1. What is the Cα coordinate range of the chain on the first, second and third principal axes, sorted by size from largest, in whole angstrom?
2. Residue-wise, which Karplus ³J(HN,Hα) couplings in Hz belong to region 18-26, taking 6.51 cos²θ - 1.76 cosθ + 1.60, θ = phi - 60°, and x for glycine or proline?
3. Can you list the GluC sites (Glu not before Pro) in region 1-104 that are in a DSSP coil and have 14 or fewer other beta carbons within 10 angstrom?
4. List the trypsin sites (Lys or Arg not before Pro) within region 1-97 that fall in a DSSP loop (any state other than H, G, I, E or B) and whose Cβ has at most 10 other Cβ atoms within 10 Å.
5. Dipole of region 11-106, Cα-centred, from +1 at each Lys and Arg C-beta and -1 at each Asp and Glu C-beta, to the nearest 20 debye?
6. For region 11-106, what is the number of Lys pairs with C-alpha distance below 18 angstrom, counting only pairs 8 or more positions apart or on separate chains?
7. So how much slack lies between residue 8 and residue 81, counting 0.36 nm per residue of separation and subtracting their Cα-Cα distance, in nm?
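Coordinate-derived values only; no laboratory data. Bear in mind that the values here come from a model prediction, so they are computed numbers and not experimental data. Cβ coordinates were reconstructed from backbone atoms using ideal geometry, including for glycine residues, and neighbour counts include every protein chain displayed.
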Amino acid sequence: MVIRKEKAQTRERGSAKVFDYGIKEPNIFYAEINGRHPLTGYQRNTKIKEVILVVDGDGEIVLEEDNQDKVLKFQAGDLIVLEMNQWNYWSEKTKAKMVKCCAPTFYPEQRESK
């Protein structure tokens, strides 16, 4: 089976554009992030772990750990793992294309911001 990019459902939030190909278990997305995301504050997912393969570009993801920011730089070929409930944001230095795999299935209402 081949699912064309133009057939994917798209969602845009701030500097992120996500392509949902309809694969549910495991849930797979393609994302393009160009700048800080979310635009302010942090985000986290309350129900899933996210495994993210950076296929092009580079940037930084900022994790909140013990009320302090931990900046992790990444580039194409790197794998990023976000545990459930891990507060994070993509820094303004991020310009990257990624494949995200989530388990269990991701739904936008699972994402929290602060």
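1. 44, 28, 23
2. Running phi through 6.51 cos²θ - 1.76 cosθ + 1.60 with θ = phi - 60° gives 10, 10, 9, 8, x, 7, 9, 9, x Hz.
3. 83, 92
4. 4
5. Here the size comes out at about 280 debye.
6. Taking the Cα cut-off of 18 Å, the pair count is 14.
7. Here the answer is 23.9 nm.
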